[in-house]
1. Looking at the structure I just gave you, is Ile279 among the aliphatic types (A, V, I, L, M), over 30 Å from Met185 (Cβ atoms) and touching a helix residue (DSSP H, G or I) at 6+ places or on another chain (Cβ under 7 Å)?
2. I'd like the full set of residues that are among the small types (Gly, Ala, Ser) and within 24 Å of Ser297 (Cβ to Cβ), limited to the stretch 228-280.
3. Do you know which of the residues in the stretch 183-198 that are surrounded by fewer than 17 Cβ atoms within 10 Å (Cβ to Cβ) and under 22 Å from the mean Cα position of the chain (by Cα) is nearest to Ser121 (Cα to Cα)?
4. Need pairs with beta-carbon distance below 8 Å; first residue within 13 Å of Gly139 (Cα to Cα) and within the stretch 174-185, second open to solvent by 50 Å² or more (accessible area, probe 1.4 Å) and part of a helix (DSSP H, G or I); sequence gap 6+ or separate chains.
5. Being open to solvent by 20 Å² or more (accessible area, probe 1.4 Å), modelled with pLDDT under 95 and more than 21 Å from Asp160 (Cβ to Cβ), is that true of even one residue in the stretch 243-250?
6. What number of residues in the stretch 257-281 are open to solvent by less than 80 Å² (accessible area, probe 1.4 Å) and in contact (Cβ under 8 Å) with a residue 40 or more places away in the chain?
7. Filtering the stretch 286-300 down to residues that are touching a helix residue (DSSP H, G or I) at 6+ places or on another chain (Cβ under 7 Å) and surrounded by 12 or more Cβ atoms within 10 Å (Cβ to Cβ), which residue is nearest to Gly250 (Cα to Cα)?
8. Kindly indicate whether Glu233 is surrounded by 15 or more Cβ atoms within 10 Å (Cβ to Cβ), modelled with pLDDT under 95 and acidic (Asp, Glu).
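The values are calculated or read from the model by the stated rules, or taken from the named source; none is laboratory data. Fair warning: this is a prediction, and the values are worked out from it, not measured in the lab. We place every Cβ from the backbone using ideal geometry, glycine too, and count neighbours over all the protein chains shown. These area figures cover heavy atoms from the full protein model, side chains too; ligands, DNA and RNA do not enter into them. Shrake-Rupley method; radii C 1.70, N 1.55, O 1.52, S 1.80 Å.
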Amino acid sequence: MENTLTLKTKGRINVILNDNDQKYGKRMKHRHDFLTDEEREKHYILDKVEKELETLVGMHEMKRFLKEVYAWLYINKCRKDQGLKVEKQVFHMIFKGNPGTGKTTFARLLGKLFNEMDVLSKGHLIEVERADLVGEYIGHTAQKTRDLVKKALGGILFIDEAYSLARGGEKDFGKEAIDTLVKSMEDHHQDFVLILAGYSREMDYFMSLNPGLPSRFPLTLEFPDYSIDELLEIGRRMASEREYIIAKDGEWQIRDYLKKVIETKDDTFSNARFMRNIIEKAIRSQAVRLLYDGNYSRKDLMMLTGADFEL
């Protein structure tokens, strides 16, 4: 694969990033090596967003994609300043991947970038699901959906498990929600971004049901599951945020458990949420252990040991 963005049929773009593309990776990694102080100041928006990206574990493909979006927007501004033609930019997207892979977090960062680059006037994120959109009688769904779109104007409307809108077939009110969303995309295309998210297989099927949908979402991003090392790092950070430290024997316990889980995981594996449950369970186990042991020193209160990770 030579390019990060690969054009597909019907005007859609799939993000296909190859970690083995050393030339591309090196160019992006050493971006600052060829920037003067004046250029760094000029691209402060990218630097600001990159600092937030650096706090995220993994998501290498998404980090590269965000840089490309910035470059695309910036160069188009330069073209406009020089009187050159600028393509109409549509940023409605499909996010595909398992739960806990950072889809919502990345959508928030995109909102901030779009706001800084004057694509969106507010850049906020409204996260909804089927129940927020679908009503109980004819006409109710359209009104609920329009109200949510109105709240999202100037920002991003993020619909999780979007494929559930097609769950009931032609007579289901979910179709009414889809039709209303499509009309809203046309009516508010200047200051509104719609992101549909969900499991990869289900999203593919959902898009195939409506021939008119794929062309309206020019960007499709795949969010891969985290590796064992990435999940461990997420666990460390979750513990640290709560002022806990995971002891080495605790990390061994987690690693062994993750190996077993990942060998048999299915599409419901929840990644970062899975790690959060492990950490929170360990904190409860540690509390019981310290209560019985009567150890309340600062070190004891902070340390999560192997005994706390009975997985």
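1. Working: among the aliphatic types (A, V, I, L, M): yes; over 30 Å from Met185 (Cβ atoms): yes; touching a helix residue (DSSP H, G or I) at 6+ places or on another chain (Cβ under 7 Å): yes.
So Ile279 passes the test.
2. Filtering the stretch 228-280 down to residues among the small types (Gly, Ala, Ser) leaves 235, 239-240, 247, 250, 270, 272.
Gly235, Ala239, Ser240, Ala247, Gly250 - these are the residues of the stretch 228-280 that are among the small types (Gly, Ala, Ser) and within 24 Å of Ser297 (Cβ to Cβ).
3. Step by step, filter the stretch 183-198, then rank; the result is Asp191.
4. If the second residue must be open to solvent by 50 Å² or more (accessible area, probe 1.4 Å) and part of a helix (DSSP H, G or I), the pairs left are Ala177/Lys144; Thr180/Arg146.
5. No, the conditions are met nowhere in the stretch 243-250.
6. First, pick out the residues of the stretch 257-281 that are open to solvent by less than 80 Å² (accessible area, probe 1.4 Å): 257-258, 261-262, 265, 267, 269-272, 274-275, 278-280.
Narrowing further to those that are in contact (Cβ under 8 Å) with a residue 40 or more places away in the chain: 257, 265, 267, 269-272, 274-275, 278-279.
Qualifying residue count, the stretch 257-281: 11.
7. Taking the stretch 286-300 as the starting set, the residues that turn out to be touching a helix residue (DSSP H, G or I) at 6+ places or on another chain (Cβ under 7 Å) are 286, 289-290, 296, 300.
Narrowing the set further to residues that are surrounded by 12 or more Cβ atoms within 10 Å (Cβ to Cβ) leaves 286, 289-290, 300.
Values: Gln286: 11, Arg289: 14, Leu290: 16, Asp300: 14 Å.
Here the residue is Gln286.
8. Values: surrounded by 15 or more Cβ atoms within 10 Å (Cβ to Cβ): yes; modelled with pLDDT under 95: no; acidic (Asp, Glu): yes.
No; evaluated as a whole, the condition is false for this residue.
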